[in-house]
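Peer 1: The structure's right below; bear with me while I get my questions together.
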Amino acid sequence: MRALGFGAAAAVCAAVVVALGIATPPAPDGVSTDRLGPETGETIAEYLDRARDSLSGSDDGDRWALVSFTDYGPAAALPGLSGGLRVSRALYRVPIPRVATPLVAVQVPENATALTRSGTDAAWQLADRRRYTADGTRGAQVLDVSIVRLRTGCACSPGLVIRAPLSRLRELAGRPGIRTVQALPADAVAERFAVAPLLPDSADPVAPRPDDGAVPAG
């Protein structure tokens, strides 16, 4: 009888749990289609027009935006290229002809020192990834040369993710060294959007980078 009592109680509990699950279903994972940067197959001219259009508007709220540089810049130059605006992420990719090197996004606290050392932080991120990459493989070779160059202050940043009002973003878009600035809609959520900068040496139309070149030793 006691076993039957326990079984009945368990059945009642299960029914309650199911009922509660129906009444208060789990919140769905957030899904966002927001993206900064050109789409694969988009021409550079099309993207530049689209980025320019994203800066139109009269509201003065802060927007997330992607700044793409004319040329790759070293970490030491990033404070000047940011125009004094709040930098959220510094982007790095070591440019090597016909070698697909990884894009690294470094979270940046609100101070200039953190921004100028972000290249070294990018190297540390890749070094952590390198621990899980087998020696002698192409992937390991690419990581090794990327780490060395980032640690020596290479000109390897194609852009920044920043947050500022549209009026300030338009000002930044006209500064030397800035190829384009693209803003997200006002309701975009932090850390819920993809970033793929327009690289200074990007193909036109935009396409995955070729990966058939020799990987240098350093």
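Peer 1: How large is ³J(HN,Hα) for each residue in the stretch 178-193, as worked out from phi by the Karplus curve 6.51 cos²θ - 1.76 cosθ + 1.60 (θ = phi - 60°), to whole Hz, x for Gly and Pro?
Peer 2: Along the stretch 178-193, the couplings run 9, 7, 6, 10, 10, 9, 8, x, 4, 8, 5, 9, 4, 6, 10, 9 Hz.
Peer 1: Check which residues have an amide H placed less than 5 Å from THR180's amide H, if you skip close sequence neighbours.
Peer 2: Residues meeting the amide H criterion: SER68.
Peer 1: Right, another one. Taking amide H atoms as placed 1.01 Å from N in the peptide plane, list the residues 5 or more away in sequence, or in a different chain, whose amide H sits under 5 Å from that of GLU42.
Peer 2: Sorted by chain and number, the residues that satisfy this are VAL206.
Peer 1: Please state the relative contact order of the stretch 59-218 as a whole percent: Cα pairs under 8 Å, 6+ residues apart?
Peer 2: 43 percent
Peer 1: What length, rounded to one decimal in nm, is gained on full extension from GLU46 through to VAL148, with 0.36 nm per residue of separation minus their alpha-carbon distance?
Peer 2: 33.2 nm
Peer 1: Continuing with this model, one more query. Just to confirm the number: angle between the C-alpha axis of helix 118-130 and the first principal axis of the chain, 0 to 90 degrees, nearest 10?
Peer 2: Taking the Cα atoms of the chain, the angle to 118-130 is about 60 degrees.
Peer 1: Quick one: in the chain, what % of C-alpha pairs are over 20 Å apart?
Peer 2: Beyond 20 Å sits 65 percent of the P(r) for the chain.
Peer 1: Please list, in order along the stretch 92-100, the HN-Hα scalar couplings obtained from phi with the Karplus expression 6.51 cos²θ - 1.76 cosθ + 1.60 (θ = phi - 60°), rounded to whole Hz, x for Gly and Pro.
Peer 2: Once θ is set to phi - 60°, the couplings for the stretch 92-100 become 9, 7, 6, x, 9, x, 6, 10, 7 Hz.
Peer 1: With N residues in the stretch 85-183, what two-decimal value do you get for its Cα radius of gyration over 2.2 N^0.38 Å? Present the calculation step by step, with values, prior to reporting the outcome.
Peer 2: On the way: Rg = 15.1 Å, N = 99, 2.2 N^0.38 = 12.6 Å.
The stretch 85-183 yields a ratio of 1.20.
Peer 1: Still on this structure, please answer the following. Quickly rank 36-43, 54-61 as a protection proxy: mean count of other C-beta atoms within 10 Å, highest first.
Peer 2: Output ranking for 36-43, 54-61: 36-43, 54-61.
Peer 1: Which angle between 0 and 90 degrees, to the nearest 10, do you get for helix 2-23 versus the longest principal axis of the chain when only C-alpha atoms count?
Peer 2: 40 degrees
Peer 1: Something else: Of the DSSP beta bridges with both residues in the chain, give the percent that are antiparallel, rounding to the nearest 5.
Peer 2: Here the antiparallel bridges make up roughly 90 percent for the chain.
Peer 1: Under a point-charge model restricted to the Cβ atoms of Lys and Arg (+1) and Asp and Glu (-1), what is the dipole moment magnitude of the chain relative to its Cα centre, in debye to the nearest 20?
Peer 2: Values: 23 positive and 23 negative charges, 125 e Å.
Magnitude of the dipole: close to 600 debye.
Every read-out reported here was derived from the displayed coordinates using simple, explicitly stated rules and does not represent laboratory data. Computed from a predicted model, the values in this text were never measured in an experiment. For neighbour counting, all protein chains shown are included, and Cβ atoms are generated from backbone atoms with ideal geometry for every residue, glycine included.
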